[in-house]
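Everything on this sheet refers to the single structure shown next.
The values are calculated or read from the model by the stated rules, or taken from the named source; none is laboratory data. Being a predicted model, the structure only gives us computed values, none of them experimental. Positions of Cβ are generated from backbone atoms using ideal geometry, with glycine treated the same way; all protein chains shown enter the neighbour counts. These accessible areas exclude ligands, DNA and RNA; they are computed on the full protein's heavy atoms, side chains included. Shrake-Rupley method; radii C 1.70, N 1.55, O 1.52, S 1.80 Å.
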Amino acid sequence: DYMGMISQLVGVLNGIALGLFSVLLLITMVGLVNTFRMIMIERTREIGTMRAVGVSRRSVRNLFLWEALFLSLKGSFYGITAAAVLGTIIRLIPFSPEGGLRLMLQEGHVHLPVEPVSIIAAVLILAGAVLAATWMPARKASNLRPVDALRA
């Protein structure tokens, strides 16, 4: 009897978490677009110099995209590491089995299994979102004419 209700509760909580993740991802993407626009503006002369010495538009665009990808992977690594450390600390704290956490307890300690597939999926979704958010600023940077960029 209880398993049906628990499964429904888990489904609802997963839906709420997915909704929150989507909203946070959208907010992050807007911030990334603005950040990379500012980076492009600050590097206008450098972009003009690179284009003047023969660097292709594609290479300039890819330079911005690779930078964004590496930053997202670095942030993902630090986030996963922090979550693992925090999770380990929380697992060390004993809880009373009569409390509201009893569904998540195993031998008096919090047990939240994490699947490696979900971590990999989250990192891939984040990397894709970062690349999508930085695509337009990178494209705009690659389309700068060397003459105009060097005058800036």
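The residue list VAL147, PHE36, ALA82 was ranked by how far each Cα lies along the charge dipole of the chain toward its positive end, using unit charges on Cβ atoms, and VAL147 comes out on top. Rg of the Cα atoms in the stretch 29-152, relative to 2.2 N^0.38 Å, amounts to 1.61. Among ILE16, ILE125, ILE41, the largest mean-square fluctuation in a Gaussian network model of the chain (Cα springs under 10 Å) belongs to ILE16. Its DSSP H runs of at least 4 residues, each contributing -39,500 (n - 2.57), put the calculated 222 nm mean residue ellipticity of the chain at -27500 deg cm²/dmol, to the nearest 500. Over all distinct alpha-carbon pairs, what is the Kirkwood Rh of the stretch 1-85 in angstrom? 16.5 Å is the Kirkwood radius here. Here the relative contact order of the chain, from alpha carbon pairs under 8 Å that lie six or more residues apart, stands at 45 percent.
With the convex hull of the Cα atoms taken as the outline of the stretch 113-152, the averaged projected area works out to 3.7 nm². The orientation-averaged projection of the convex hull spanning the C-alpha atoms of the stretch 52-120 amounts to 6.8 square nanometres.
Between MET38, MET136, MET104, the GNM of the chain built on Cα springs shorter than 10 angstrom shows MET104 fluctuating the most. Take GLU46: with every protein chain present and a 1.4 Å probe, its accessible area is about 110 Å². Residues considered: LEU73, LEU131, LEU65. Largest GNM mean-square fluctuation over the chain, using C-alpha springs under 10 Å, is found at LEU73. Dividing the Cα radius of gyration of the stretch 81-136 by its Kirkwood radius returns 1.21 for Rg/Rh. When only the Cβ of Lys, Arg, Asp and Glu is charged (+1, +1, -1, -1), the dipole of the stretch 21-87 relative to its Cα centre reaches about 300 debye. Using only side-chain charges placed at the Cβ, +1 for Lys and Arg and -1 for Asp and Glu, the dipole size of the chain relative to its Cα centre rounds to 1200 debye. Simple rule: put +1 on each Lys or Arg Cβ and -1 on each Asp or Glu Cβ in the chain, find the dipole, and look at VAL55, ALA127, GLY15; the Cα lying farthest toward the positive end is VAL55. Put a plus charge on the Cβ of each Lys and Arg, a minus charge on the Cβ of each Asp and Glu, and nothing anywhere else: the dipole of the stretch 57-106 about its Cα centre is then about 380 debye. Based on protein heavy atoms only, the stretch 78-136 ends up with 73 Å² per residue of surface accessible to a 1.4 Å probe. Protein-only accessible surface at a 1.4 angstrom probe places the residues VAL130, VAL23 in the order VAL23, VAL130, largest first. Just want to confirm a number: the relative contact order over the stretch 62-141, from Cα pairs under 8 angstrom separated by 6+ residues, in percent. Normalised by residue count, the contact order of the stretch 62-141 is 43 percent.
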